[in-house]
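Everything on this sheet refers to the single structure shown next.
The numbers here are math on the coordinates, done by the rules we state, and not lab data. These numbers were taken from a predicted model, which means no experiment stands behind them. Please note: Cβ atoms are built from the backbone with ideal geometry, for glycine as well, and neighbour counts cover all protein chains shown.
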Amino acid sequence: MKIIFDHNNGIFTNKGDSLLEVYAIKEHESSEYMFENGWLPFRKIWYQTKSSRLELDKISKRREKELSKIKVSFSGDLSSLIEKSIKYKKFDPVYLEEYLKLPHFKFFFDDCFCGIVNLIDNIPYYTFMIWDESKKCNSYGTLSYYYLIEEFLKKGHKHLYISEYYTPFFYKKNIQGFEYWDGKKWNKST
């Protein structure tokens, strides 16, 4: 792989720490290798980050019961959800548009939540949640992970990659099977 160090968005802290962004362009590496080593894809490059994933295993009866109360479908009014969600600045629409051009799996909960999982060489990578903020009930975000655990476990996958794990995403540590990349290895939540 070709490694790229980007100093344009670098940060120098008052403690004297110098931070920068690291990217890679795959050469002979598989997408599986990249995910397994903490890289996440964006456009035609991969970036190194404190990524996170779920180790897939059967979900609890409690989660099954919660999911059974939700209407799940594979088509819905995504444009309307984007319009309703965008005013709350929950995501960047340009990024969403780019990820929608890639192979993906899309699902809807009760016509007010949409989850998008990109399939990078058949490896599931949960990239977007879009919802109507005015109907924020049923813990759709959390339950979407459990729904996907079931779906991808049935399809024989071992992991579902779930993007980054920094302060705004600490809620992920409570999801069954959670692991995060520390730069050297995958760690279980503690």
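Of H159, I3, Y140, which is farthest towards the positive pole of the chain's charge dipole, taken about the Cα centre with +1 and -1 on the beta-carbons of Lys, Arg and Asp, Glu respectively? It is Y140. Below 8 Å, C-alpha to C-alpha, sequence gap of six or more: please give me the relative contact order for the range 1-48 in percent. Answer for the range 1-48 is 35 percent. In order along the range 115-126, the Karplus-derived 3J(HN,Hα) couplings, from 6.51 cos²θ - 1.76 cosθ + 1.60 at θ = phi - 60°, round to x, 10, 10, 7, 10, 9, 6, 6, 9, x, 9, 6 Hz, and Gly and Pro are given as x. Using alpha carbon centroids, what distance separates the range 35-109 and the range 150-190, in Å? Their Cα centres are 13 Å away from one another. A protection proxy built from the mean count of other Cβ atoms within 10 Å ranks the segments 93-106, 175-188, 148-161, most packed first, as 148-161, 175-188, 93-106.
Entry note, the range 50-188: relative contact order of 39 percent, from Cα contacts under 8 Å with a spacing of 6+ residues.
Here the Karplus curve 6.51 cos²θ - 1.76 cosθ + 1.60, taken at θ = phi - 60°, turns the phi angles of the range 139-149 into couplings of 6, 3, x, 4, 5, 4, 5, 5, 4, 5, 4 Hz, with x standing for Gly and Pro. Taking packing as the residue-averaged number of other Cβ atoms within 10 angstrom, the listed peptides 4-16, 71-83, 116-128 run from highest to lowest as 116-128, 71-83, 4-16. Per-residue ellipticity at 222 nm computed for the chain from its helices equals -7000 deg cm²/dmol, with DSSP H segments shorter than 4 residues left out and the rest contributing -39,500 (n - 2.57). The structure-derived value of P(r) over Cα pairs in 10 Å bins from 0, in percent appears in the list [x] 8, 33, 37, 18, 4, 0; [y] 8, 26, 23, 12, 7, 6, 6, 5, 4, 2, 1, 0; [z] 9, 25, 23, 16, 11, 9, 5, 1 under the label [x]. Extension gain, L78-K65: 0.36 nm per intervening residue step, less the Cα-Cα distance, totals 2.1 nm.
For the range 58-72, backbone phi angles converted through the Karplus equation (6.51, -1.76, 1.60; θ = phi - 60°) give residue-by-residue couplings of 3, 8, 6, 4, 4, 5, 4, 5, 4, 5, 5, 8, 9, 7, 9 Hz, Gly and Pro being listed as x. Taking a Cβ cut-off of under 12 Å around I59, the surrounding Lys, Arg, Asp and Glu residues balance to a net charge of +1, with basic ones at +1 and acidic ones at -1.
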